[in-house]
Amino acid sequence: MSNKPALLLIYTGGTIGMVRHPKHGQLVPFDFNGISTLMPELQQFDLELESISFAQPIDSSNVTPEHWVELAQLIHDNYDRYIGFVILHGSDTMAYTASALSFMLTPLSKPVIITGSQLPIGMIRNDARENLITSIEIASAYEHGVPLVPEVCIYFDNLLLRGNRSKKFNAEKFEAFQSPNYPPLAEAATRIRYNHSYIRERGRQSLSVRTKFGNQIGVLKLFPGISEHFANSLLADQEMKALIVESFGSGNVPSKPWLNKLLATLVDRGVAVVVLTQCLGGSVELGKYEVSAPLVALGCISGLDITFEACLTKLMILLGEGADAEGIRQAFLQNWAGEITV
Ligand code: ASP
């Protein structure tokens, strides 16, 4: 038994773990237990690197709350054994998983770094190796026994971002993620520069896991010329308990009586209506312009500067835990894991 600190790599699937099939040449998930053969340089870490893989690696487009529960339980059950965790995950829905985990694992006192890549580890030119190596370095970075980043983060192309502030914004470039409303927690160059003042303090109590999710959520993305008929089709969903309205600018919506009536009907039904902005950065400010004043009168909740991914997963957890519209309003506007500026 070695006395090196141990770190757990969790492979869920995605491009990062793909190699060319020796026969047909197509990209297929590789057996993650062979990672140290593929990347012998990992042995240079003064760490016991252990790995575990989803039984069925997935393209992250297929991720569901059940996968989030599996990940959170895995971290919870192995929490004392490891100094940190690195999750390898497809980039497409990485920001959703990062947001969900940041709300599920509380209070967190160890690093959980999620990474992936745009090109597979099995291709000659790739971003996978650097992303994985630096994620391991960050997940094992401690000073005087205290982890430097006790948060759920995304590491991608030299940037360490708070997971629940991140968005995939580029489908091609190595620089695939941004967190427009929060500064990077670290930047990796010849050395890794941590922005200590932006990093959350580690939790002091023991870790608990939230595991309940609801999905009775609708999304209304507004656009110029949106039809009454299309918007009213939302009324057919009698199960809906929360609606995310993706508005313009700082929370602005077209001044249409039918839109007011639609939202009023939903609010009367007990649906919590959360207003986000379609802008990548900045915050919703309901009532700033005349065109958003009706939303205030209707009792809509301002999503402030939260991302869509964090908003959605926060609502899913609140619904899973049985919150009604008023419960959602109160809990939503609290800052759970650095996801919102209140
Ligand atoms: N479709 C892939 C996934 O999200 C893309 C990636 O890994 O980056 O699983």
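The values are calculated or read from the model by the stated rules, or taken from the named source; none is laboratory data. Note that the coordinates shown come from a computational prediction; the quantities given were computed from them, not determined experimentally. Cβ: placed from backbone, ideal geometry, glycine included. Neighbour counts: every protein chain shown. Areas reflect the complete protein model, heavy atoms only, side chains present, ligands, DNA and RNA absent. Shrake-Rupley method; radii C 1.70, N 1.55, O 1.52, S 1.80 Å.
Is there a residue in the stretch 129-143 that is away from the ligand (no atom under 13 Å from the Cβ) and free of Cβ contacts under 8 Å to residues at least 40 places away in the same chain? Yes, the stretch 129-143 has at least one match.
Checked against the criteria, SER36 does not count as surrounded by 15 or more Cβ atoms within 10 Å (Cβ to Cβ) and among the hydroxyl-bearing types (Ser, Thr, Tyr). Go through the residues of the stretch 40-55 one by one and say whether even a single one is assigned to a strand (DSSP E or B) and within 15 Å of the ligand (Cβ to nearest atom). Yes, that holds for at least one residue.
Go through the residues of the stretch 276-292 one by one and say whether even a single one is surrounded by fewer than 22 Cβ atoms within 10 Å (Cβ to Cβ), in a loop (DSSP other than H, G, I, E, B), of a type in the set (Gly, Ala, Ser) and free of Cβ contacts under 8 Å to residues at least 40 places away in the same chain. Yes, the stretch 276-292 contains a residue that is surrounded by fewer than 22 Cβ atoms within 10 Å (Cβ to Cβ), in a loop (DSSP other than H, G, I, E, B), of a type in the set (Gly, Ala, Ser) and free of Cβ contacts under 8 Å to residues at least 40 places away in the same chain.
Does SER227 count as modelled with pLDDT of 95 or more, open to solvent by 40 Å² or more (accessible area, probe 1.4 Å) and either farther than 19 Å from THR341 by Cβ or β-branched (Val, Ile, Thr) (or both)? Criteria met by SER227.
Pairs meeting the criteria (first residue in the stretch 173-191 and of a type in the set (Asp, Glu), second residue assigned to a strand (DSSP E or B), beta carbons under 7 Å, at least 6 apart or on different chains) are GLU187/LEU159; GLU187/ARG193. Of the set (1) at pLDDT below 95; (2) away from the ligand (no atom under 14 Å from the Cβ), all apply to VAL146 but (1).
Across the stretch 68-120, the number of residues qualifying as closer than 27 Å to GLU175 by Cα, part of a helix (DSSP H, G or I), open to solvent by 20 Å² or more (accessible area, probe 1.4 Å) and away from the ligand (no atom under 16 Å from the Cβ) comes to 0.
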